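> The structure follows.
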Amino acid sequence: MGRSNTVGVSNNWRIVLVFLMSPAVFAAGEPRPLPEWTPWDLGVLRRVPELKWSEENKPVKALTYRGLHYRGKPTSVFAYYASPADFGKTAGVSGSYPGMVLVHGGGGRAFEEWVELWARRGYAAIAMDLAGKASGGKRRLPDGGPGQGHREKFATIDEPVENQWSYHAVANVILAHSLLRSFEGVDADKIGLTGISWGGYLTCIAAALDSRFQFAMPVYGCGYLRDNSVWAKSEFDRMTPEQADKWHRLWDPASYLGSVRIPMAFLNGTNDFAYPMDSYARSCALVRTEKTYSIQLNMRHGHIFDFKEFFVLADHFLKARPPLHVVGPPRVVGGMLRAEVESVTNLSSARLHFTTGSHENNRERAWTSRKLNLDGQGVSGLAAPGNATAWYIEVEDERGMIGSSPVMVK
């Protein structure tokens, strides 16, 4: 089923388009080349890393794989892996399973239960630790990479890239993908990527670097962190302008999202404390491929593994199941709005959500909701007021799944 990739602009509303480093103009739908300063050797990351199993006799198995050098020394990365076969799930006619790469967020670890959840749903799944730690996330590996504290993420900006967390975290995600593709019984052409919070941030970058993925699903994470995020004041205000520019250029997803060549599914909440809607909208607008949105009112932030939309999206892209409905960019004429909806399921309700609060107060600002009319495969109704700072359309289908339009901000 096709997707709308155009950006609707009317009555002074816009999905904020981005001003990256290159002044070149690219046609809508045409991904940019990766920036010339991209620090990773993608040829190295596409190779299957050296592997050592530590627990092979359990349904969820423990392993370590070889990472990149950190402060001049080779590293190991701890991960959990499970196959659906370990939970009595049979493969399809192809004899192999689709796969998922699972990327934890800040303060997280390789989650055994996350791997099991996806394996029980018929996916071969791998989840790696991104803080140089072993099973349970409490003990450091003797040859682990950088920790995931704010110092490793921000204060090392003047050190070589090989000493910085984002460099290793992105690399370890792609190396996990290369490893998963090599496992017997895994369909290497049907592997998806998802990450939560900082894992969503990493998913945005890895999706641009590794087009072998079939789709990517960042949850919460986005770019433009120096402009508006929970770290704008606490971290970027401590940097010199030169340091902030360097961090943005090397490690912000905004530098890479325009190069994504695979479908993307964006999930976030209206009042996320870390990734506010203005930065989020600007980040999403950079992507020039197939996009699906599920922006949800007051969505909780955390290592939450079972939002129902996750599985509908993965099942669609990797198992050819019915998709989540897609709400196109809204059009506003004479104070009325309309948006088209692509759906193979019956739609049950539609609402407009808007806020007049400031983007800097994303976590606390109130949102107002209005019922919209469903007309065949379209949505219509009264537009958001002129003083709204952000708004979007939410549509729920008969399955209780929430799809949304892009967020419109000003």
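> Extending each Cα 7 Å along its Cβ direction at Lys73 and Gln243, get the distance between those two points in nm, one decimal.
For Lys73 paired with Gln243, the spin-label model returns 2.6 nm.
> Let me ask something else about it. Taking 0.36 nm per residue of separation and subtracting the Cα-Cα distance, what length does fully extending Ala155 through Ala320 add?
Value of the extension gain: 55.0 nm.
> Distance in nm between label sites at Asp41 and Glu398, each 7 Å beyond Cα in the beta-carbon direction?
5.5
> Okay, moving on. List Tyr70, Tyr80 from most exposed to least, where exposure is judged by having the fewest other Cβ atoms within 10 Å.
Tyr70, Tyr80
> Right, something else. Placing +1 on the Cβ of each Lys and Arg and -1 on the Cβ of each Asp and Glu in the range 42-324, which of Gly136, Trp118, Gly185 has its Cα farthest towards the positive end of the resulting dipole?
In the range 42-324, that residue is Gly185.
> So, one more: Just report the Cα centroid separation between the range 342-410 and the range 51-117, whole Å.
First find each Cα centre; the distance between them is then 37 Å.
> Assuming 1.567 mPa s and 4 °C, estimate D for the chain with Stokes-Einstein, Rh taken as the Kirkwood radius over Cα pairs, in µm²/s.
Working: Rh = 21.6 Å.
Answer from the Stokes-Einstein relation: 60 µm²/s.
> Separate question: For the range 42-324, give the share of DSSP beta bridges that are antiparallel, in percent and rounded to the nearest 5; count only bridges with both residues there.
40
> Additional query: Could you give the length gained on full extension between Leu34 and Arg120, defined as 0.36 nm per residue of separation minus the Cα-Cα distance, in nm?
Residue separation times 0.36 nm, minus the Cα-Cα distance, leaves 27.4 nm.
> Ok, one more. What is the order of Ile157, Ile304, Ile205, fewest Cβ neighbours within 10 Å to most? Present the calculation step by step, with values, prior to reporting the outcome.
Values: Ile157 21, Ile304 12, Ile205 30.
Ordered from fewest to most neighbouring Cβ atoms within 10 Å, Ile157, Ile304, Ile205 come out as Ile304, Ile157, Ile205.
> Normalised by the residues of the range 172-268, what does the relative contact order come to in percent, with Cα pairs under 8 Å and at least six apart?
On the way: 146 pairs, mean separation 29.4, N = 97.
Relative contact order, the range 172-268: 30 percent.
> Once you treat every alpha carbon in the range 269-341 as an equal point and sum by Debye, what is log10 I(q)/I(0) at q = 0.12, 0.18, 0.24, 0.25 Å⁻¹?
Debye curve over Cα of the range 269-341, log10 I(q)/I(0) at q = 0.12, 0.18, 0.24, 0.25 Å⁻¹: -0.45, -0.98, -1.32, -1.32.
> Next question, about the same structure. So if I restrict to the alpha-carbon atoms in the range 203-337, what is the Rg, and what is Dmax, the biggest pairwise distance, in Å?
Cα-based Rg and Dmax for the range 203-337 come out at 16.0, 49 Å.
> Expected output is a single nm value to one decimal: the length gained when fully extending between Ser211 and Ser348, i.e. 0.36 nm times separation in residues minus the C-alpha distance. What is it?
So the chain would gain 45.8 nm between Ser211 and Ser348.
> Sticking with this structure for a sec: Pop a pseudo-label 7 angstrom from the Cα along the beta-carbon direction at both Val93 and Glu162 and give the gap in nm to one decimal.
For Val93 paired with Glu162, the spin-label model returns 5.0 nm.
> Which whole number in µm²/s is D for the range 31-78 by Stokes-Einstein, with the Kirkwood Rh taken over Cα pairs at 37 °C and 0.692 mPa s?
Roughly 248 µm²/s, to the nearest whole number.
> To the nearest whole percent, what portion of all C-alpha pairs in the range 306-410 is separated by more than 16 angstrom?
The calculated P(r) of the range 306-410 puts 59 percent of pairs beyond 16 Å.
> Taking a virtual spin label 7 Å from the Cα of Phe273 along the C-beta vector, which residues in the range 290-315 bring their backbone nitrogen under 15 Å of it?
Inside the label zone: 298-304.
> Something else now. Number of Lys pairs in the range 42-324 with C-alpha atoms less than 23 angstrom apart, excluding same-chain neighbours closer than eight positions?
28
A short reminder: the numbers here are calculations on the coordinates, not readings from a lab. This is a predicted model, so every value here is computed, not measured. Reconstructed Cβ throughout: ideal geometry from the backbone, glycine too, with neighbour counts over all protein chains shown.
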